[in-house]
Amino acid sequence: MKNKFVDFKVLATSLCCSVAMGLISFAFLKCLEYAADFRSFFPLCYMFLPVAGIVTAFVYKRIGGKSSMGNNIIIESANDGEKVPKRLASLTFIFTCITHLFGGSVGREGTAVQIGGSLTSNVADYLGFKNNDRSTIVLSGISSAFGSVFGTPFAGAFFGMEVCCVGRLSAGAVIPCFACSYLANFVTQLLGFKHERYAISSIPDFDARFLFVFLIAAVCLGLIGKLFALGIKYVKLAYSKIFKNYLLAAAVGAAIVSLLIFALGLNDFEGLSTWMQDTAFKGDAKWYDMPAKYLLTVLTLGAGFQGGEVTPMFDMGASFGSWFGGSCGFDPTFFAAIGFVCVFAAAINTPITAIVLGIEVFGASAAPYFVLAVLISFIVSGNTTIYPSQKFLTDKKLFGFKKK
């Protein structure tokens, strides 16, 4: 028999897990707020990053097992039924908070997705779900995590269906992903957490000059996403080749981040740095904001610290877009919104999610521009990704798609 479009047991299990994910997201987001408050009270905490890096590396090496794969093990669990260590959720929660506490530049999405995927994967295994049913439950966990941690349940639903296989949506998971993303977000908001929201002041008049600047911006944003993914990859590779001792690699990598913060005065770029989005949508972004955040985030993640990548991508995209658009004489808020979605789409290869995210956060008035800019950035970034375990069902080419 063919698989049912909606299986009651799968849906019920997914919904129960999404309630738990909503609670966990609230606790996680509050912990990140407390970490930011601590850094404000004690701005020299970044000096202890090498200690935090050594402890993180030691714990993940000794007891983490496959937990060190991060989101990649979740993607493999959804795609191929890979078992996810039960300790993954608690490890990534604790050590992401430690990274934020001591000034590492990371986000929150990666941690939430690891928790949601770990929770649903292990619950599905415990209850005996197999194959497509198990995969659907894991995808719903990814959706509930993304939707609740960003307050974007519509985009969260698509993220769960799109992130594992580039070029395909998991249609069988539509109802569980939507239901779980909205339910988890409802729980998080019910507990009182408020997410950041921004608005586009105006949409520029469409003419040849605007089109030229718009296309240049979309290409540049795609390249930023590509360079972000490559930067993390090659920094990790460089540390592994240079240092044979993993603890020494972690210590040196963390020390470099600490020294950069001290030498260049990059305290403002620690943690989530959502102030960058605030300044971008006020039209006050500086040319050096994006490179500074890029450098600190790539070096933090490359040194093996735990945390997400999406919020830094939002920061970088919005900041560059606002500065570039404003420098060219256009409304910086419009180009900040374009940057917000394009770097995300380019580095994670989720164009539909990015378009939906733009509409959900900024409204439908700019939807045609989101579609065009995201597709350009998505194609320009090529087959690079921050998640090596993603399956590419298509080769991304500058002038179209070519099936493998």
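General remarks:
- Gaussian network model of the chain, Cα within-10 Å springs - most flexible of ALA280, ALA345, ALA292: ALA292
- The mean sequence separation of alpha-carbon pairs under 8 Å and at least six residues apart, normalised by the residue count of the range 273-401, gives a relative contact order of 20 percent.
- Shape of the range 179-246, Cα gyration tensor, a/c cut at 1.5: oblate
- Contact order relative to length of the chain, as percent, for alpha carbon pairs under 8 angstrom and 6 or more apart: 21
- The chain: DSSP helices with Cα axial extent of at least 30 Å and average Kyte-Doolittle hydropathy no lower than -0.5: 8-41, 208-242
- In the set [x] 20.1, 64; [y] 25.4, 84; [z] 27.8, 94, the label that goes with Rg and Dmax of the Cα atoms in Å computed for this structure is [x].
- Carbon/sulfur fraction of accessible area - the range 259-404, other protein chains in place, 1.4 Å, %: 65
- Two-site FRET efficiency, TYR34 against ASP278, from Cβ-Cβ distance with R₀ of 35 Å, rounded to 0.05: 0.95
- Area accessible to solvent at CYS164, 1.4 Å probe radius, in Å²: 10
- Part-to-part distance (alpha-carbon centres) for the range 65-87 and the range 316-353, which is given in Å: 31
- Pairs of C-alpha atoms in the range 257-335 farther apart than 18 Å represent 39 percent of all such pairs.
- Cα gyration tensor, the range 124-186 - rounded (a/c under 1.5), prolate or oblate: oblate
- Applying a DSSP loop filter and a limit of 16 other Cβ atoms within 10 Å to the chymotrypsin sites (Phe, Trp or Tyr not before Pro) in the range 1-100 leaves PHE5.
- In a DSSP loop and with at most 13 other Cβ atoms within 10 Å, the trypsin sites (Lys or Arg not before Pro) in the range 96-203 are LYS130, ARG168, LYS194, ARG197.
- Across the range 1-151, C-alpha contacts under 8 Å between residues 6 or more apart give a mean separation that, scaled by the residue count, equals a relative contact order of 33 percent.
- Only protein heavy atoms count here; on that basis, with a 1.4 Å probe, SER327 has an accessible area of about 80 Å².
- Here the Kirkwood formula, the inverse mean of 1/r across different C-alpha pairs, assigns the range 42-148 a hydrodynamic radius of 14.4 Å.
- Once the 1.4 Å probe is applied to the protein heavy atoms, the chain comes out at 41 Å² accessible per residue.
- With every protein chain in place, the range 134-246: carbon and sulfur % of accessible area (1.4 Å): 68
- The trypsin sites (Lys or Arg not before Pro) of the range 43-98 that DSSP puts in a loop, and whose beta carbon has at most 13 other beta carbons within 10 Å, are LYS83.
The values are calculated or read from the model by the stated rules, or taken from the named source; none is laboratory data. Just so it is clear, the structure is predicted and the values come from calculations on it, not from any experiment. Cβ: placed from backbone, ideal geometry, glycine included. Neighbour counts: every protein chain shown. Calculation scope for accessible area: heavy atoms of the full protein, side chains included, ligands and nucleic acids excluded. Shrake-Rupley method; radii C 1.70, N 1.55, O 1.52, S 1.80 Å.
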